[in-house]
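The next block holds one structure in the form of structure tokens; read it before the comments.
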Amino acid sequence: MHCVKKGIAVLLTAVMCFSISGCGAGTKVQPEQEAAVIVDAENREIEKPETMDKVAITCYGGASHEIVVLGGSEKIVAQPSMDQFPLLSEMFPAFRGVVNPGSFDDVNVEELLKTEPDMVFVGITSKKGNQLIEEAGLPTFTMRIGSATIETLKKEFEMTGLLLDQQEKSQALLGYWDEKLAMVEALVSKVPEAERKSVYYTGIDVTKANTGEWGNSLIDGSGGINVTGGLTQGAKGSEVSIEQVLEWNPDVIVVQKTNKGLGELLADDRIQDLNALKNKQVYQFPIGAFWWDRPSPEAPLGFMWLAKTLYPEYTKELDLKQETKAFYKDFYNYQLSDEEYESFF
């Protein structure tokens, strides 16, 4: 009897060991991993809602594009009008029917509340509007929009991926950025110092210098020399004198694309002696699903375009059409046509 009891005891011990994933080497019970901390552009720790089925957006700056690329297009129930980015609505027709809650500080909180979002993605510049949204009881996640740098935007991709439970997509996007920016850097590194071109990034009004950190990164990362000397007085621009522009005398002028075109700038009598105008080196950045010169998931295409524009002889191996179509297929799940591609320019 004693032997039977002992045998039963051993058997029970064995069963208990296996029920807690084993008692031998390599079978230790693993502690639960701590949940990743989600931090927004205001450095606030954001609590992830139990459900993330519906999200609203009250800022531009590529926020909608970021959420789309990270697999959240079907979750968007409210966002500002995307009329200025018609390709986005072409790729995602459902966007034409979502609520327009206004944007930034001009936001309609009542319309937002009707959509019952689990999270509202807001811009870092709209303190007043964001406060109204939070006072209404809606949780917010602050996006960097135009104030982003390469590294802070990559961090935002990671945080947004965590919030949307799309870590695999965010890691794929981060890998893409690292790969393509490194490729551009390798190509322009072959340009001799004597052939480096000075670049002025401005608006249609040539006295509106773009002195944001993003513009600095874009020019430097594409092998250009920023004539403003890396000033960071404002993402949207700083007022400079025409005398200063003439002193800079850039080799190339690049402008954010608008419906106005370049006519006004090219006709400005004050700048006709600039090297950029005399040599016909004035260009508008392309617009794809978003502006290629602003922070957004497809910004590496803007780096590629600028590098090819500045140094066509050193970037022959870079096929911009192929790169663009591949990005749209991989990240928007959209087959971009040749006609659509050409419309970017």
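The values are calculated or read from the model by the stated rules, or taken from the named source; none is laboratory data. No experiment lies behind these values; they were computed from the predicted model shown. Virtual Cβ from ideal backbone geometry, glycine too; neighbours counted across all protein chains shown.
Scanning the range 164-178 for residues that are touching a Gly at 6+ places or on another chain (Cβ under 9 Å) and over 17 Å from PRO295 (Cα atoms) gives LEU164, ASP165, GLN166, GLN167, GLU168, LYS169, GLN171.
Working only within the range 252-275, note down all residues that are acidic (Asp, Glu) and surrounded by 19 or more Cβ atoms within 10 Å (Cβ to Cβ). Once the filter is applied, which keeps residues that are acidic (Asp, Glu) and surrounded by 19 or more Cβ atoms within 10 Å (Cβ to Cβ), the range 252-275 yields nothing.
The residues listed here are LEU265, LEU277; of these, the one that is at pLDDT 95 or above, touching an Asp or Glu at 6+ places or on another chain (Cβ under 9 Å), outside the structural domain of LYS155 (by TED's automatic domain parsing) and among the aliphatic types (A, V, I, L, M) is LEU277.
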